[in-house]
Ligand SMILES: [Zn+2]
Ligand SMILES: [Zn+2]
């Protein structure tokens, strides 16, 4: 019986590995890809190594304090961000194909590597009790067919065994494009956009695909903090350089 179970589990491992190793690299079409990326392309991804410890904004040089100017002068309502890549080639086009064309295979290597990294590095005290996908206005979601933040949160939740609060927050209204607005203008534009609709535990992570200015995550974290969250993290695939 035990031998049979072992044989079955070896067969399953083999099938899972075959699934993981087959398929071409999504960026260069190399046949020897793992989870959709070949090793040279994986090594070339723009890792966000030097960054602000709170909001993960890429920093140009390693100063004595690993914080960006904004987090220094106006600390955000979240404790830290885990954002492994910079929003640069080829990560930007991989996320674009996933988000705007619904081609999930382009996100697969990023999702697999991100969840492995979180699984390896999350301590028990950092582990969120709930993942909260950045909510999308229903109209936009309807146009696009899915909310990529929710898709990412569900993948991470399954891999890390953390529940996902898809209904926890609602986006009440659409906001006009943030680009070109001043910092105050962005915050005004975002005030009262989010509504918390479920009880929020103390330790949560907001999940998004890309963090651009950080104004949206700040506004969302502020609402979650008003609703009782004490330790809020930001988890995203990529951060736009300042
Ligand atoms: Zn490749
Ligand atoms: Zn910062």
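Please treat every number below as a calculation from the coordinates, not as lab data. Predicted model only: the values in this text are computed from it and were never measured. Every residue, glycine as well, gets a Cβ built from its backbone with ideal geometry; the counts of neighbours run over all protein chains shown.
Extending each Cα 7 Å along its Cβ direction at residue 53 and residue 142, get the distance between those two points in nm, one decimal.
4.6
Length gain on complete extension for the stretch residue 230 to residue 160, per 0.36 nm per residue less the alpha carbon to alpha carbon distance?
Using 0.36 nm per residue and subtracting the Cα-Cα distance, I get 23.1 nm.
Taking the highest mean first, how do the peptides 128-136, 42-50 order by number of other beta carbon atoms within 10 angstrom per residue?
So the peptides 128-136, 42-50, ranked by packing, come out 128-136, 42-50.
How many nm separate the modelled label positions at residue 29 and residue 189, each set 7 Å beyond the Cα in the direction of the Cβ?
3.9
Give me the percent of Cα-Cα pairs in the stretch 126-222 that sit more than 20 Å apart, rounded to a whole number.
Value for the stretch 126-222: 37 percent of Cα pairs lie more than 20 Å apart.
So what's the angle, to the nearest 10 degrees on a 0 to 90 scale, between helix 148-160 and the longest Cα principal axis of the chain?
Computed tilt is about 60 degrees.
How large is the convex hull of the C-alpha atoms of the chain per residue, in Å³?
Expressed per residue, the convex hull around the Cα atoms of the chain is 159 Å³.
How far is helix 215-226 tilted, in degrees, relative to the longest principal axis of the Cα atoms in the chain, given as a value from 0 to 90 rounded to the nearest 10?
With both axes taken from Cα atoms, the answer is about 80 degrees.
What angle do you read, to the nearest 10 degrees and between 0 and 90, between the alpha-carbon axis of helix 2-21 and the longest principal axis of the chain?
60
Would you mind classifying the stretch 176-242 by shape? Square roots of the alpha carbon gyration tensor eigenvalues, ordered a ≥ b ≥ c; an a/c under 1.5 is rounded, otherwise it is prolate if a/b is larger than b/c and oblate if not.
Oblate is the answer for the stretch 176-242, as a/c is 1.5 or above yet b/c matches or exceeds a/b.
Restricting to the chain, compute how many DSSP beta bridges are antiparallel as a %, nearest 5.
30
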